[in-house]
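Data first, discussion second: the structure below is written as structure tokens.
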Amino acid sequence: MAQKLNILMFSGEYDKALAALILANTAREMNIDVTMFFAFWGLMLVRDPEKMSLDDKTTYEKMFSMMTPKGPEELPLSKMNFAGIGKAMLLEMMGEENAPPLEAFLKGARKKGVKFYGCKLSMDVMGLKAEEMIPELEVVTAKTYLEDAINSNMQLFI
Amino acid sequence: MAQKLNILMFSGEYDKALAALILANTAREMNIDVTMFFAFWGLMLVRDPEKMSLDDKTTYEKMFSMMTPKGPEELPLSKMNFAGIGKAMLLEMMGEENAPPLEAFLKGARKKGVKFYGCKLSMDVMGLKAEEMIPELEVVTAKTYLEDAINSNMQLFI
Amino acid sequence: MAQKLNILMFSGEYDKALAALILANTAREMNIDVTMFFAFWGLMLVRDPEKMSLDDKTTYEKMFSMMTPKGPEELPLSKMNFAGIGKAMLLEMMGEENAPPLEAFLKGARKKGVKFYGCKLSMDVMGLKAEEMIPELEVVTAKTYLEDAINSNMQLFI
């Protein structure tokens, strides 16, 4: 039976999302099953930039929809001012080494069969609807996450 | 034998504490044993707001006691300015969805038999005394944490 | 067979590095095998402060080398302004309790046989060379990290 890796993606930061997706892609190449559970700010990573909707949302939910990152490339760096290193500089350095950016790693994970779970409670609180997210995302409860995670060989909270 | 979840609560942020306590409550409802080990800033979550004491503390320890959050509802958000979303707005949105706030989840975890460990070294450094914390908190060393964690089915560092 | 702990050190913050190294040292004293995989900002912790080189680096890599922390004692606190607590105050409080600072815990981990892995991709992007790091650091791919981690009893992302 295949080994299993489970990642709880809580953070909505560019560099942490990059780390999580590099691990997910590498694990799939090693035939390890991978589940990523997106909760809280991590949900920003799996919004579909083309599908934002303001229908049937409260005022707060509309503000939230408009003010938060819409998809991978809008995520901020975890250390905006870490020694003066900005996201532009990091991307430039990555370009020179031919490391593909976040969106490419996300596409890779979708193609390679990573299982995408979205946290129902977080989505309700944030007013995010399933149709605003990437199509692979299955909306589940914390119980479904825990059942998957506790039966995995390895769990990370990122 | 019951499955076991072990959470090392390092962060003292409202949203991360919420994620940790939702997982702890959900796991208990699934009959999974849960240990939460509070270290560093995570200890802010298990201070008893009614029991702050300044007796027998150094000047630094007194300053620290007064300047840091005293219990769950005083914790800051991990992304104070994440796209302009403040804690008030998040709480407002949670209220509209009837998601109970942090203090209710903490009470739930205490009632449901989550094991609460407090890191002795962190408490010594911060000048926090056992009698200033919630009564369920047992003060233990990193060794006790590691023994519990490595024999669990799942470990998270939050 | 010995139990195994695997830590992915992503963060470059003083307090998180302290937590990780206290766990690594304690685990070794309990005869638990320990691997630490340093990626992204975590690499700042295992730079050798005496061996910074600017040879064969691009302009960005040179800027990066000079502007980021060079070794353990230069790391910032994760909550620079957490209730006004600065790093100086934390170190002062630690001194009063005789808790050794970060550098001592790093030396302890090196002496006690913790396995040090450095992430090849992160080092390439940041322009860090093996000879600028502590001598124990072995440069490996994400695949090597995952093989080690998934076969460990416990994994933490810090």
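May I ask which residue of A:Phe37, A:Asn25, A:Ala2 lies farthest towards the positive end of the charge dipole of the range A:1-67, with charges of +1 (Lys, Arg) and -1 (Asp, Glu) on Cβ and the Cα centre as origin?
Result: A:Ala2, furthest along the dipole toward the positive end.
Compute the label-point distances linking B:Lys107 to its equivalents in the other copies; points lie 7 Å from Cα along Cα→Cβ; give nm, one decimal, shortest first.
Ordered by increasing distance: 5.1, 5.1 nm.
Most mobile of C:Ala24, C:Ala142, C:Ala39 per a Gaussian network model of chain C (Cα springs, under 10 Å)?
Highest fluctuation among the options: C:Ala142.
How crowded by other chains is B:145-158, given as the mean number of beta carbons from other chains within 10 Å of each beta carbon? Write down the numbers at each step before the final one.
Working: counts 2, 9, 3, 0, 6, 9, 3, 3, 5, 10, 9, 9, 13, 4.
Rounded to a whole number, the mean comes out at 6.
With both bridge residues required to lie in the protein assembly as shown, what share of the DSSP beta bridges run antiparallel, to the nearest 5%?
Here the antiparallel bridges make up roughly 5 percent for the protein assembly as shown.
Once amide H atoms are placed 1.01 Å from N in the peptide plane, what residues at a sequence separation of 5 or more from A:Asp48, or on another chain, have their amide H within under 5 Å of its amide H?
Residues meeting the amide H criterion: A:Met133, A:Ile134.
For B:Glu74, go 7 angstrom from Cα along the Cα-to-Cβ vector, then report the distances to that same point in the other copies in nm, smallest first.
Copy-to-copy label distances at B:Glu74, shortest first: 3.6, 3.6 nm.
Could you size up the charge dipole of the range B:101-143 around its Cα centre, putting +1 on the beta carbon of Lys and Arg and -1 on that of Asp and Glu, and report it in debye to the nearest 20?
Rounded to the nearest 20 debye, it is 260 debye.
Return the lysines within reach of A:Lys51: Cα separation strictly under 27 angstrom, same-chain partners fewer than 8 residues apart disregarded; answer none if there are no such residues.
The reachable lysines, counting only those whose Cα sits under 27 Å from A:Lys51, are A:Lys16, A:Lys62, A:Lys70, A:Lys87, A:Lys107, A:Lys111, A:Lys112, A:Lys115, A:Lys120, A:Lys129, B:Lys79, B:Lys87.
Taking amide H positions as placed 1.01 Å from N in the peptide plane, with prolines and chain starts having none, which residues 5 or more places from C:Ser152, or on another chain, fall under 5 Å of its amide H?
Distant-sequence amide H within range of C:Ser152: zero hits.
Rounded to the nearest 500, what is chain C's calculated 222 nm mean residue ellipticity when only DSSP H runs of at least 4 contribute -39500 (n - 2.57) each, over all residues?
It lands at -11500 deg cm²/dmol.
If you put +1 on each Lys and Arg Cβ and -1 on each Asp and Glu Cβ, how big is the dipole of the protein assembly as shown around its Cα centre, in Debye rounded to 20?
Working: 54 positive and 66 negative charges, 122 e Å.
Computed charge dipole of the protein assembly as shown: roughly 580 debye.
What residues of the range C:119-158 lie in the reach of a label at B:Asn153, counting those whose backbone N is under 19 Å from a point 7 Å from the Cα along Cα→Cβ?
Hits in the range C:119-158 for B:Asn153 at 19 Å: C:150-156.
Whole-Hz Karplus ³J(HN,Hα) for the range A:30-35, in order, using 6.51 cos²θ - 1.76 cosθ + 1.60 and θ = phi - 60°, x for Gly and Pro?
So the J values, rounded to whole Hz, are 9, 6, 8, 5, 10, 10.
FRET efficiency for A:Ala104 and A:Met30, Cβ-Cβ distance as r, R0 = 30 Å, nearest 0.05?
Values: r = 19 Å, r/R0 = 0.64.
With a Förster radius of 30 Å, E is 0.95.
Pull out a ≥ b ≥ c, the square roots of the eigenvalues of the alpha-carbon gyration tensor of the protein assembly as shown, then state rounded if a/c is under 1.5, prolate if not and a/b is larger than b/c, and oblate in the remaining case.
On the way: a/c = 1.29, a/b = 1.00, b/c = 1.29.
Cα axes put the protein assembly as shown in the rounded bin.
Collect residues whose amide H, placed 1.01 Å from N in the peptide plane, falls under 5 Å from the amide H of C:Phe38; neighbours closer than 5 in sequence don't count.
It is C:Met9, C:Tyr117, C:Gly118, C:Cys119, by chain and number.
When only C-alpha pairs under 8 Å and at least 6 residues apart count, what is the relative contact order of chain B, in percent? Mind showing how you got there, number by number?
Values: 242 pairs, mean separation 58.2, N = 158.
Relative CO of chain B lands at 37 percent.
Report Rg/Rh for chain B, rounded to two decimals, where Rg is the Cα radius of gyration and Rh the Kirkwood radius. Provide the component values of the computation, followed by the final result.
On the way: Rg = 15.8 Å, Rh = 16.2 Å.
Reported Rg/Rh (Cα atoms, Kirkwood Rh): 0.97.
Would you kindly work out, in nm and rounded to one decimal, the distances from the label point of B:Glu131 to those of the same position in each other copy, ordered shortest first, with label points 7 Å along Cα-to-Cβ?
Ordered by distance, the counterparts are at 6.1, 6.1 nm.
What's the center-to-center distance, using Cα atoms, between the range B:29-51 and the range C:112-158 in Å?
31 Å
Please report the antiparallel percentage of DSSP beta bridges with both residues in chain C, rounded to the nearest 5.
Close to 5 percent.
Tell me, what HN-Hα J-couplings in whole Hz come from the Karplus equation 6.51 cos²θ - 1.76 cosθ + 1.60 at θ = phi - 60° for each residue of the range A:60-66, using x for Gly and Pro?
For the range A:60-66, the Karplus curve yields 4, 5, 5, 4, 4, 4, 7 Hz.
Need the full-extension length gain, C:Lys111 to C:Ala130, defined as separation in residues times 0.36 nm minus the C-alpha distance. One decimal, nm. Please report the intermediate quantities before stating the final value.
Working: separation 19, 0.36 × 19 = 6.84 nm, distance 1.96 nm.
Length gained between C:Lys111 and C:Ala130: 4.9 nm.
Charges at C-beta only: +1 for Lys and Arg, -1 for Asp and Glu. How large is the resulting dipole of the range C:1-145 about its Cα centre, in Debye rounded to 20?
400 debye
Using θ = phi - 60° and the Karplus form 6.51 cos²θ - 1.76 cosθ + 1.60, what ³J(HN,Hα) does each residue of the range B:106-122 get, whole Hz, x for Gly and Pro?
5, 4, x, 5, 5, 6, 7, x, 5, 7, 9, 10, x, 6, 4, 4, 4
Throughout, read-outs are computed from the coordinates displayed, never taken from laboratory work. Model, not experiment: these values are computed from the prediction. In this analysis, Cβ positions are derived from the backbone assuming ideal geometry, glycine residues included, and neighbour counts consider all displayed protein chains.
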